[in-house]
Amino acid sequence: MSPSQTAPNPRRWKALALIAAAQFMVIMDTSIIGVALPEMQSDLGFSQENLSWVFNAYVVAFGGLLLLGGRLSDLFGAKRLFSAGWLVLAAGSLAAGLADEVWVELTGRAVQGVGAALIAPSALTLLMMLFGGNPKELTKAFALYGAAAPAGGTAGVFLGGVITEYASWPWVFYINIPVAVIALVATPRLMPATPARPGSVDWLGAATVTAGLGTTVFAIVRAPEVGWGSAETLLVLAAGLLLVGLFVAIQARRREPLMRLGIWKAPNLAGANVAQFLMAAAWIPMWFFLNLYLQQVLGLGAFASGSALLPMTVAIMVMMITVAPRLIARFGPKPLVVSGLALLAAGMLWLSFVRADGSFWVDVLPASLVAATGMSLAFIPSLGTALSSARPEEGGLASGIVNTSYQVGSALGLAAMTALATSQGADELGNAAALTDGFSAAFLGAAGIAVAGALLAVVTLRGNRGADAGAQDASEPAGSAEPTRQGV
């Protein structure tokens, strides 16, 4: 039975609160470690160039397994996968918090990423089931769901600062455990039943895409240490690209692939995903290096550093929920994607002028607000365009692809900017001038990525689809697709 043929779930708005909280948490886990990184580095013995793996171990597992998580959600039911994801996330959080060695920490972070890859697609499936029969309600639900992602990313910085300052860095992981318990208790009562369906799982495809992504990121992170032209860098990078190519070949031959390659023929799908990929590749390095600049150069404590980025959280929430939808309805999605990425680039360029003897009020606040505004404008229209570009019955696959694009862009962008920053002096702890030069190079590189995203959006995205294009995008797939196919 389609969503339109069933009565609205009386608990749907409470369920939406839990779904938005899930999205908030899985994205927050990418950023909450930012302020805690210096203390983790000191306690566990991370080198400066390898510190980004605390982030990448989570994001590589998260992004690499999203398509698999969506497929499992379709096969076993989104409600079951939603609960299973919280169990896995809680286990990984416990391991990461208890870690006393680098490898244990990275293993815990990877397990957290596996849990997130189960939670995120099943959460979107449940949202579509709850609101898919009412396009107007679905638009509101999608706006709140969409705002939870960047808000979680930025709010994690503030919460990480509070926790690190008044408790200790392991609590940035332990915070997931009580939330997971609440979710596990509430899910049976709030979430709709989701029947399983027959089918097979492309385990080989999941393994090759995850291994290919991880290997490629590893090659980029290691390159500054061993040399960009070294045999190790070239061989490892070639192996990563070969695994990604193998994944594509497997998808072309599989009867039930993780990703049907023909979906890329859909208008605007590729362009919207490129926008999400490059937006993440610019945005994530910004907050990562901004945290390090605030603490390692300006000398702020963990709480002060987290508080310094709180204005970005407020700006994102206001823009995503109130301003961006109105602008999309008036101008359409393409102008906002282009202008949003351009503003993001402007904010990054401004940040590249940070000084070793700078201040928060001059060097950080105005530029970070410009960047946050740009990200807020580009995020919802590019996400909505990606979701609405595919056939209705492939809405879940389209969602999985765009989520993967964002996470892969995050990992590769941070790896590349870490390599750039390290090559310009960001590995010289205690040398404020050298650190500033390295961070400035990373901000400038991120600005270049955002500019490339804006230019590619101009070329690859088609023009306005009408005044209400952006608002409708989120609801188009759900109206005619089976609810269990919205699973990624």
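Tabulated results
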| quantity | calculated |
| --- | --- |
| Boolean, Val408 is outside any helix (DSSP H, G or I), crowded, with 21+ Cβ neighbours inside 10 Å and either at negative phi or under 21 Å from the mean Cα position of the chain (by Cα) (or both) | no |
| Residue in segment 290-303 that is modelled with pLDDT of 90 or more and aromatic (Phe, Trp, Tyr) present | yes |
| Any hit, segment 318-335, residues being charged (D, E, K, R), in a helix (DSSP H, G or I) and at pLDDT 90 or above | yes |
| Sole residue being at pLDDT 85 or above, surrounded by fewer than 24 Cβ atoms within 10 Å (Cβ to Cβ) and not hydrophobic (A, V, I, L, M, F, W, C), chosen from Arg253, Arg260 | Arg253 |
| Cβ pairs under 7 Å, 6+ apart, first in segment 270-293 and without any contact (Cβ under 8 Å) to a residue 40 or more places away in the chain and within 15 Å of Leu349 (Cα to Cα), second among the aliphatic types (A, V, I, L, M) and buried (at least 24 other Cβ atoms within 10 Å of the Cβ) | none |
| Count of segment 148-187 residues which are farther than 13 Å from Gly34 by Cβ, touching a residue at least 60 places away in the same chain (Cβ under 8 Å) and in a helix (DSSP H, G or I) | 18 |
| Residue in segment 226-241 that is closer than 28 Å to Gly384 by Cα and not assigned by TED's automatic domain parsing to the domain that holds Leu65 present | no |
| Which numbered condition Leu290 fails, given (1) closer than 19 Å to Val408 by Cβ; (2) buried (at least 24 other Cβ atoms within 10 Å of the Cβ) | (1) |
| Output for segment 206-227, where each listed residue is touching a helix residue (DSSP H, G or I) at 6+ places or on another chain (Cβ under 6 Å) and more than 14 Å from Ala61 (Cα to Cα) | Ala219, Ile220, Val221, Ala223, Pro224, Val226 |
| Some residue of segment 58-73 being in a helix (DSSP H, G or I), under 15 Å from Phe288 (Cα atoms) and touching a residue at least 40 places away in the same chain (Cβ under 8 Å) | yes |
| Candidate set from segment 294-317 (those that are β-branched (Val, Ile, Thr) and in contact (Cβ under 8 Å) with a residue 40 or more places away in the chain); member that is farthest from Met375 (Cα to Cα) | Val297 |
| Residue that is in contact with a Gly (Cβ under 8 Å, 6 or more places away or on another chain), part of a helix (DSSP H, G or I) and of a type in the set (A, V, I, L, M, F, W, C), where the choices are Leu234, Leu204, Leu243 | Leu243 |
| Hits in segment 265-300 - residues which are outside any helix (DSSP H, G or I), farther than 17 Å from Leu365 by Cα and either within 18 Å of the chain's Cα centre (by Cα) or among the small types (Gly, Ala, Ser) (or both) | Ala266 |
| From Leu341, Leu327, Leu336, Leu298, residue being over 30 Å from Thr460 (Cβ atoms) and not charged (D, E, K, R) | Leu298 |
| Any chance Met259 is of a type outside the set (Gly, Ala, Ser), closer than 17 Å to Gly63 by Cα and in the same structural domain as Asn9 (by TED's automatic domain parsing) | yes |
| Test: residue in segment 195-212 that is of a type in the set (A, V, I, L, M), free of Cβ contacts under 8 Å to residues at least 60 places away in the same chain, buried (at least 20 other Cβ atoms within 10 Å of the Cβ) and assigned by TED's automatic domain parsing to the domain that holds Gly245 | no |
| First in segment 409-431 and closer than 14 Å to Gln48 by Cβ, second anywhere and among the charged types (D, E, K, R), Cβ under 7 Å, 6 or more apart | Thr418/Glu49; Thr422/Glu49; Gln424/Asp437; Gly425/Asp437; Asp427/Glu49 |
| Failed criterion for Asn176 (all others in (1) under 29 Å from Pro381 (Cα atoms); (2) touching an Asp or Glu at 6+ places or on another chain (Cβ under 9 Å) hold) | (1) |
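The values are calculated or read from the model by the stated rules, or taken from the named source; none is laboratory data. What you are looking at is a predicted structure, and each value in this text was computed from that prediction instead of being measured. Glycine also receives a Cβ, built like all others from the backbone with ideal geometry; neighbour counts cover every protein chain displayed.
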